[in-house]
Amino acid sequence: MSQTFDADVAVVGSGIVGTMTALALQDAGSCVLAIEADEPGAGTAAGSAGYVHDGEIFPVAQPRLLADLPRLFFDPFGPLVFRLSYLPQMLGWSARFLGSMRAPAIAHGIAALASLNRLAIDALFAVANAAQAQDLLVHRGGLKIAHAARTFEGFAHEVELLQRAGIPARIVGADALHAMEPALGGDNAGAILFPNSAHCIDPSAFGKRLAARVRARGTIVRARASALLPQRDGSWSVSLNGSASRVDVQRVVVTAGYASPALLRPLGYRAPLAAARGYHLMIEHPGIELGHPMIFHEPHVGATPMRSGLRLAGTMEFASPDARPDFRRAEMLYPIIRRYVPSLQNDTATTWAGIRPSMPDSLPAIGKASRHDNLYYCFGHGHLGFTQAAISARCIAELVTHTKPAIDLAPFDLERFS
Ligand SMILES: Cc1cc2nc3c(=O)[nH]c(=O)nc-3n(C[C@H](O)[C@H](O)[C@H](O)COP(=O)(O)OP(=O)(O)OC[C@H]3O[C@@H](n4cnc5c(N)ncnc54)[C@H](O)[C@@H]3O)c2cc1C
C-alpha cells in the first residue's frame, strides 16, 4: 500500500546524522519525511561522549598499530578487539584498513578530516541555536592527556600537524595542566589543548530537541525502510516494514548509520563499513570535577563532564551489530582512567554500548550516488559522528539544492571503493 506524505525528500535513519540532515534540508526549503526504525534523534550519539573534537584529524589506520596487532587479537580486554565470529565479514574492510596505512593515504585522510573539522563546530552551534539546544553545549575547549613522558614528546609533532591543517591546538605542560584540571594526578606528563573544541552535557536530550524541530517542520514516520526502489521518472519509492507499505518521494538520502550499506547494496553501491562497538560508563557521583572533555591517550579512551555526572567512554570492539555487548568492556574504563584521575570514584555507574559506523579509511561517505538520480548518502562517521554531523548534513543540503558544497566532497565519495 502506498502512503502519501506531503514530502519531496525522504531521509532514511534519524540518528544524529539523519536528524541533522533533515534539519539542513528543511532550512534549504525541502519538505522532509524522516523515516526512523527506532527512537528519532537517538541512535549511537545518545550514548556517545559528546566531545565535539575538531582535533581528531588522524585516521585510525596507522602503521604503529601493526606491531600491536598480535596482542590486540589475543587480549580480550585490550582497547581494540575483534570477535572471531565477525572476522569473515571484515576481510574486505581489513584489506582496505591496511591499505590506508600508507603515508600518502594518511596525508590524504588528515587533509580530508581537517576540511570537515574546521567547519564542524560552527555548523553544530548554528543548528543547536536554531533548535534552542545551545544550553546543552559548552564551548570551553578540550584536552588530550599523556601520562608517559614519551607519549607527551610525540605531542609536539601532532600539534605541528594540527596547526598546519588549520586546527587550533597548543601544548600544555604538566604544571599548567594540573592548574587547569586539579583533579588530574600530578604525574601526568602534559596535554594538548584544543581551544575551539566543545562538548555536550546531555547528548540524549540534545538529539531529542533536534528531532522535535524536525517534527515541527516536517514528518517523522516510525518504520524500517526495507528497500529503495528507483522509478522511471527519477523519483523513488521506499518500502517500509518489509513490503507492508511504501512512500513515494522525489529524493532519498540514506543516513542509516551501520545499516546504510544494506540499503545501497541492491542498487550496486559498495560501502565497506564495519560495526565498531564502543562502551560508556556513566558515573553519577565521580567525587571529582573535570572542566573539559578529555581523551586519555594510553590507550585512547575519554571522559566528558555531563549534567548527570561524568561519562567515561571508549574502546573498539569489532563485532556483529546483533552480538551481545560485553559490559566488562565498559567497567574496564574506570581503572584505565583512574591512572590519570586518581581520586575518581565509581559507586553509582551505569553501562551502555553503541555502534560506531566505521570506514576503513576513517572518512565518512558523503555525496550523491553516481549511477542514480536523486539519491544521496551520508554515513560512516566512525568515532566522530557527533562532531561532524552538522557540517556533513549541510553539505548534503548543498548538493540537493545544487549549491557548491562548503568543502570538497571528492574524498568522501563512495566511488573510492568501486
Ligand atoms: C562509546 C562511543 C563514544 C562516542 N563518542 C563520540 C564523541 O565524543 N564525539 C563524536 O563526535 N562522536 C562520538 N561517537 C561516534 C558517534 O556517536 C557516531 O559516529 C554517531 O552517533 C553515528 O551517527 P549516525 O546517525 O550516523 O548512526 P546511528 O546513530 O547508528 O543512527 C542510524 C539510525 O538509523 C536508523 N536505521 C537504521 N536502519 C534503518 C532503516 N532501514 N530504516 C529506518 N531507520 C533505520 C537506526 O535506528 C538509527 O537510529 C561515539 C561513539 C561511541 C560508540
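The values are calculated or read from the model by the stated rules, or taken from the named source; none is laboratory data. Everything numeric here is computed off the predicted structure, so don't read it as measured data. Heads up, the Cβs are rebuilt from the backbone with ideal geometry, glycines too, and the neighbour counts pull from every protein chain shown.
Examine the range 38-48 for a residue that is assigned to a helix (DSSP H, G or I) and more than 23 Å from the chain's Cα centre (by Cα), and state whether such a residue exists. Talk me through it step by step, then tell me what you get.
In the first step, residues of the range 38-48 are kept if they are assigned to a helix (DSSP H, G or I); the result is 44-47.
With the extra rule that they be more than 23 Å from the chain's Cα centre (by Cα), the set shrinks to none.
Scanning the range 38-48, I find no residue that is assigned to a helix (DSSP H, G or I) and more than 23 Å from the chain's Cα centre (by Cα), so the answer is no.
Return the residues of the range 326-380 that are away from the ligand (no atom under 13 Å from the Cβ), under 19 Å from residue 400 (Cβ atoms) and among the hydroxyl-bearing types (Ser, Thr, Tyr); say none if nothing qualifies.
Answer for the range 326-380, where residues must be away from the ligand (no atom under 13 Å from the Cβ), under 19 Å from residue 400 (Cβ atoms) and among the hydroxyl-bearing types (Ser, Thr, Tyr): 370, 376.
Given (1) within 25 Å of the chain's Cα centre (by Cα); (2) within 12 Å of the ligand (Cβ to nearest atom), identify the lone condition not met by residue 239.
So the condition that residue 239 fails would be (1).
Are there any pairs, at least 6 apart or on different chains, whose C-beta atoms fall under 7 Å, with the first in the range 51-78 and assigned to a loop (DSSP other than H, G, I, E, B) and the second hydroxyl-bearing (Ser, Thr, Tyr) and more than 16 Å from the ligand (Cβ to nearest atom), and if so, which?
59/100; 61/100
Looking at 274, 313, 259, which is the one that is within 12 Å of the ligand (Cβ to nearest atom) and in contact with a Ser or Thr (Cβ under 8 Å, 6 or more places away or on another chain)?
Details: 274 fails: within 12 Å of the ligand (Cβ to nearest atom); 259 fails: in contact with a Ser or Thr (Cβ under 8 Å, 6 or more places away or on another chain).
One residue alone meets the criteria, 313.
Residues in the range 349-358: is at least one part of a loop (DSSP other than H, G, I, E, B) and aliphatic (A, V, I, L, M)?
Within the range 349-358, the first condition is being part of a loop (DSSP other than H, G, I, E, B), and the residues that meet it are none.
No, there is no match, as no residue in the range 349-358 is part of a loop (DSSP other than H, G, I, E, B) and aliphatic (A, V, I, L, M).
In the range 382-414, which residues are in contact with a His (Cβ under 8 Å, 6 or more places away or on another chain) and within 15 Å of the ligand (Cβ to nearest atom)?
Residues of the range 382-414 in contact with a His (Cβ under 8 Å, 6 or more places away or on another chain): 384, 387-389, 392, 411.
Residues satisfying the conditions are 384, 387, 388, 389, 392.
Among the residues of the range 279-297 satisfying the criterion of being within 26 Å of residue 154 (Cα to Cα) and under 21 Å from the mean Cα position of the chain (by Cα), which is farthest from the ligand (Cβ to nearest atom)? Before you say what the answer is, go through the steps one by one.
Of the range 279-297, the ones within 26 Å of residue 154 (Cα to Cα) are 290-297.
Remaining after also requiring under 21 Å from the mean Cα position of the chain (by Cα): 292-297.
Details: 292: 12, 293: 7, 294: 11, 295: 9, 296: 13, 297: 15 Å.
Applying the filter and picking the extreme gives 297.
What's the total number of residues in the range 162-173 that are touching a Phe, Trp or Tyr at 6+ places or on another chain (Cβ under 8 Å), surrounded by fewer than 19 Cβ atoms within 10 Å (Cβ to Cβ) and of a type outside the set (Val, Ile, Thr)?
So the answer is 1.
Restricting the range 69-96 to residues that are small (Gly, Ala, Ser) and either in contact with a helix residue (DSSP H, G or I) (Cβ under 6 Å, 6 or more places away or on another chain) or exposed (fewer than 11 other Cβ atoms within 10 Å of the Cβ) (or both), which is modelled with the highest pLDDT? Don't jump to the end; show me each part of the working.
Restricting attention to the range 69-96, the residues satisfying the condition of being small (Gly, Ala, Ser) are 78, 85, 92, 94-95.
If we keep only those that are either in contact with a helix residue (DSSP H, G or I) (Cβ under 6 Å, 6 or more places away or on another chain) or exposed (fewer than 11 other Cβ atoms within 10 Å of the Cβ) (or both) too, we end up with 78, 85.
Working: 78: 78, 85: 90.
Residue satisfying both the conditions and the ranking: 85.
Residue by residue through the range 365-412, note down the ones that are under 23 Å from residue 54 (Cα atoms), crowded, with 17+ Cβ neighbours inside 10 Å and among the charged types (D, E, K, R).
394, 398
Do you know which of the residues in the range 240-258 that are of a type outside the set (Ser, Thr, Tyr), under 30 Å from residue 352 (Cβ atoms) and buried (at least 20 other Cβ atoms within 10 Å of the Cβ) is modelled with the lowest pLDDT?
Among residues in the range 240-258 that are of a type outside the set (Ser, Thr, Tyr), under 30 Å from residue 352 (Cβ atoms) and buried (at least 20 other Cβ atoms within 10 Å of the Cβ), the one modelled with the lowest pLDDT is 240.
Quickly run through the range 45-68 and pick out the residues that are of a type outside the set (Asp, Glu), touching a strand residue (DSSP E or B) at 6+ places or on another chain (Cβ under 9 Å) and surrounded by fewer than 24 Cβ atoms within 10 Å (Cβ to Cβ).
Let us first name the residues in the range 45-68 that are of a type outside the set (Asp, Glu), namely 45-53, 55, 57-67.
Now drop any that are not touching a strand residue (DSSP E or B) at 6+ places or on another chain (Cβ under 9 Å), which leaves 45-53, 55, 60, 65.
Matches in the range 45-68: 46, 47, 60, 65.
Test each condition in (1) within 16 Å of the ligand (Cβ to nearest atom); (2) closer than 19 Å to residue 381 by Cβ for residue 61 and report the one that comes out false.
(1)
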